[in-house]
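Reviewing the structure listed below.
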Amino acid sequence: MYEIWLTLNIVWEIALGIWPLLLAGAVLWLALLGTAWRQDGQHWRANILPALVIGAAVAVVAALLLPGSIGSTLSDMGYWVDWGMLLALAAAVGGVAVAFAWPLLSWRHGRARA
Amino acid sequence: MTAIPLGNHKHLETNMKKPTAFPPIDPARRRWLQAMAAAPLVAGATTPGLAKAAVKTRARIVIAGSGLGGIAVANRLSQLLDGAKITIIDRKEEHNYQPGYTLVATGVWPVDKVRDRNADYQPAGIEWVKDMVASFDAVANTVTTASGQRIEYDFLVVATGVHLDFAQIAGMDVAAIGREGLTSVYPSPEAAQATWAAMQAFTAQGGQAVMTLPATPLKCAGAPLKMSFMLRDRLFRAGTLDASKIRFQSALGNVFGVKVVNDNVLERWQTLGIDVEFSRALKAIDIGARRATFSSPEGETQEMPYDLIHVVPPTRAPDAVKNSELAWKEGPFAAGGWLEVDKSTLQHRRFPNVFGIGDINGTPRGKTAATVKKSAPLVAHNLVEVIAGRQANEAFDGYTSCPLITREGSAMLIEFDYEGRLTPSLPMIEPLQDSFFAWLMKVRMLKPAYMAVLKGRV
């Protein structure tokens, strides 16, 4: 329980340090959602797979780049905990990519069909 | 914030008399404080869902020091108490994230990442006396500042930190750090920054580096080891390792107080080519000539030339504690003048209205930020219990943590208790494993954790 609360506080403090970036990202995402919301449901369903593919590709790139971004390397992955942490972080970055790609692709798909 | 004017205490509504016997405060006032504290207690909870009503009290609480421990306890007490008068005494306006000094000194972080302002983290409603504590009178329950101000208290939290005793090293000049190969990560952000500059100059050419370790307790006992590991890594990356020699001079019979970690580090250093000599205490330094003098317990001296030296100063309690009744009078912590607290409750062993937090405590281990992280909630809780007329009832196990950097990009996450047992917080953590995760924690997660502790949330 303590570790969970500690982790939440760490995430909160990190977010406080980058709040302008987070705010801009949230506004952009909401704008994307708002623009794409009007699209027909079939456009959303048709683009979930492409969005996931984009997310997976971004996750792979993130996994390769994240260690270097903090002064580490893939050769510094000492054991499974390190790999697990790296993959979890990469998956989170990929998840953000999916969150942006899906409405964006759905909106573009709808415009193309219109 | 204005300080309490000397001699003018009418607004404090006290009829405190000079105590003559234990308990130290006036019995009538003590009963009144206990009655006010009979309201439901707030648990020393670290999760928000367990918030309870704050304890009503008019107690005057003085916190000596505004480092991590002082401010963390102040924030917690502000949440746990309703009506208490909390006074922080410290001249320092800058708040330094000291665990980041080794990252600054080895070129991983810029110096501004370790500099903040105390004013940004102190709780609202407290009184900040911008002065240093000159003396403690635990019998009279007063603190006297350097400017002569006398401040009375009902309860005291000693959070002064340590005194870096560079004066024990003849010829040492803190202002010269960064010049002539002289380095030290301990004194300040500026010293850490100057240490990095000196390290860069050294690694560009190579030479002989001498790393030191004194025989006293240290804050962040891992720092001298981290500096040695990182220096070796910087030399390797600069391509001057073959032209260099690193010699670690320990004044003790080991390099780290936890045997399994000590043995692991020595094994690594043997592989990395870092020579170690024991029972070698740094006694003097000739900065211009770049010569250091070490002495052995037998009194033999040895001069050693260097191109770069990392000076780790002996540490002791600040004079205000060391020269007071609050210091240990006998035993292993007496020589350093450390605060005489019960190692479990962190309550003073002879003055029960006094608690200690952080590096000042005379306990077997624990001069790290991680120790404060685990002990600040306990100190605040135990103090509130005592304010309420009860006994301190939470026990501290001496938790200490040291992310021991082994090279840029990797570290070991060492956690242990008073007994020197490794106590990883998460079951999957391998303490002696070179780890990206431990490095990630050190460079990206520990400062946010520190800030949460500072604000009294963790």
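The values are calculated or read from the model by the stated rules, or taken from the named source; none is laboratory data. Remember, it's a predicted structure, so these values are computed and weren't measured experimentally. When we count neighbours, we look across all protein chains shown, and the Cβ atoms used for this are built from the backbone with ideal geometry, even at glycine.
Observations, loosely collected:
- Qualifying position, being under 21 Å from the mean Cα position of the chain (by Cα) and aliphatic (A, V, I, L, M), among B:A176, B:A191, B:A170: B:A191
- Test: residue in the range A:106-114 that is of a type in the set (S, T, Y), crowded, with 19+ Cβ neighbours inside 10 Å and either touching a Lys or Arg at 6+ places or on another chain (Cβ under 6 Å) or not in a helix (DSSP H, G or I) (or both): no
For every residue, the table says whether it meets (1) at pLDDT 95 or above; (2) surrounded by fewer than 23 Cβ atoms within 10 Å (Cβ to Cβ); (3) outside the structural domain of B:V157 (by TED's automatic domain parsing).
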residue	(1), (2), (3)
B:N382	yes, no, no
B:A395	yes, yes, yes
B:C402	no, no, yes
B:T406	yes, no, yes
B:G420	yes, yes, yes
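- Scanning the range B:304-324 for residues that are within 21 Å of the chain's Cα centre (by Cα) and in a loop (DSSP other than H, G, I, E, B), we see that the one that is farthest from B:G207 (Cα to Cα) is B:S324.
- The residue that is surrounded by the most Cβ atoms within 10 Å (Cβ to Cβ), counting only those in the range A:67-102 that are not in a helix (DSSP H, G or I) and not aromatic (F, W, Y), is A:S72.
- At least 2 residues being free of Cβ contacts under 8 Å to residues at least 12 places away in the same chain and assigned by TED's automatic domain parsing to the domain that holds B:T57 is the threshold, and among the strands (runs of 3 or more DSSP E) wholly inside the range B:104-155 those reaching it are B:142-145.
- Residue in the range A:5-15 that is within 14 Å of chain B (Cβ to nearest Cβ) and in a loop (DSSP other than H, G, I, E, B) present: no
- Extreme residue, nearest to B:R421 (Cα to Cα), among residues of the range B:326-384 that are under 16 Å from the mean Cα position of the chain (by Cα) and acidic (D, E): B:D359
- Condition check for B:I429: of a type outside the set (K, R) and surrounded by fewer than 23 Cβ atoms within 10 Å (Cβ to Cβ): yes
- Filtering the range B:255-294 to residues that are of a type in the set (K, R) and more than 21 Å from B:A411 (Cα to Cα) leaves B:R280, B:K283, B:R290, B:R291.
- Residue in the range B:277-286 that is touching a helix residue (DSSP H, G or I) at 6+ places or on another chain (Cβ under 7 Å) and assigned to a strand (DSSP E or B) present: no
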